[in-house]
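J.: Sharing a structure with you now.
The values are calculated or read from the model by the stated rules, or taken from the named source; none is laboratory data. All of these numbers come straight from a predicted model, not from anything done at the bench. Backbone-built Cβ (ideal geometry, glycine too); neighbour counts: all protein chains shown.
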Amino acid sequence: MTPESSNRPVALITGASAGLGLALAHGLADRGWTLVIDARGAGPLKDAADALADRTDVVPLAGDVTDPEHRFDLVDVANQLGRLDLLINNASYLGPSPLQAIAAADLDELRRVYEVDVLAPIALTQALLPALTAASGVLINISSDAAVEAYETWGGYGSAKAALDHTTRVLAAEHPTLSVYAVDPGDLRTAMHQAAFPGEDISDRPEPATVVPAFLKLLDTRPESGRYRAAEFAPAVTP
């Protein structure tokens, strides 16, 4: 870390080695934010950090957000940096591919979906609330239209995101000094979205980078805490 980095805002982004998490990391790096990024794969996370390091200070920590020891390490780094202005709970687990109907859902897989998509964000938020509160910071939980629409075979992921949405609303009520958001980025051209549609061409979906301006506008304007679609701030356009 450089001496001037102590004056920069700090963001912690989970699931930041690819897709939306990586795109958001690049968007914040362009603004000079100090970054703590996490993902399960050490190799891709190192590649992500190397690509960011020429613009800002970045700390990569590989691990699983459902692992309490890994979450402890993330919190420890945030505490060492002395501040935390933004937490983005982006890491998600879709479930098996192809997706399963509720009646046939593998309960172990469903349990994993809830562990990653609901319990891990809650646990990490609990641990980082003191730092976020001290900074009058921002919490963003990444949502999905599957949280509000009843799509066949999306019951596991969709219900988990619905639970995260409601958790977000409750946190906003309990912590009025924070800006607390659930944000639906829309369908994007990501590996997870491809896994939801195996064998299909998803090249018509926008790249994750196209919705980054919407998230930056959200951070700039800080509307009332709540659930939003990224398109409400800046529509994604396929490049």
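J.: Quick one: count up the residues across segment 20-32 that are touching a strand residue (DSSP E or B) at 6+ places or on another chain (Cβ under 7 Å) and either acidic (Asp, Glu) or farther than 12 Å from PHE215 by Cβ (or both).
T.: So the answer is 1.
J.: Looking only at segment 82-92, how many residues end up being surrounded by 19 or more Cβ atoms within 10 Å (Cβ to Cβ) and either farther than 21 Å from TYR181 by Cβ or of a type in the set (S, T, N, Q) (or both)?
T.: Of the residues in that region, 3 qualify.
J.: Also, I was wondering about something else. When segment 182-206 is examined, which residues are found to be touching a residue at least 40 places away in the same chain (Cβ under 8 Å), of a type outside the set (Gly, Ala, Ser), crowded, with 17+ Cβ neighbours inside 10 Å and in a loop (DSSP other than H, G, I, E, B)?
T.: PRO185, LEU188, THR190
J.: Taking the options ALA147, ALA123, name whichever one is without any contact (Cβ under 8 Å) to a residue 40 or more places away in the chain and under 17 Å from the mean Cα position of the chain (by Cα). Full working, then the answer.
T.: On the way: ALA123 fails: without any contact (Cβ under 8 Å) to a residue 40 or more places away in the chain.
Result of the check over ALA147, ALA123: ALA147.
J.: So if I check each of LEU219, LEU139, which one is part of a helix (DSSP H, G or I), at pLDDT 95 or above and surrounded by 13 or more Cβ atoms within 10 Å (Cβ to Cβ)? Can you show your working first?
T.: On the way: LEU139 fails: part of a helix (DSSP H, G or I).
After applying the criteria, what remains is LEU219.
J.: Here's something else I'd like to know. Which residue out of ALA78, ALA123, ALA103 is part of a helix (DSSP H, G or I) and buried (at least 20 other Cβ atoms within 10 Å of the Cβ)?
T.: Values: ALA123 fails: buried (at least 20 other Cβ atoms within 10 Å of the Cβ); ALA103 fails: buried (at least 20 other Cβ atoms within 10 Å of the Cβ).
Every option except ALA78 fails the conditions.
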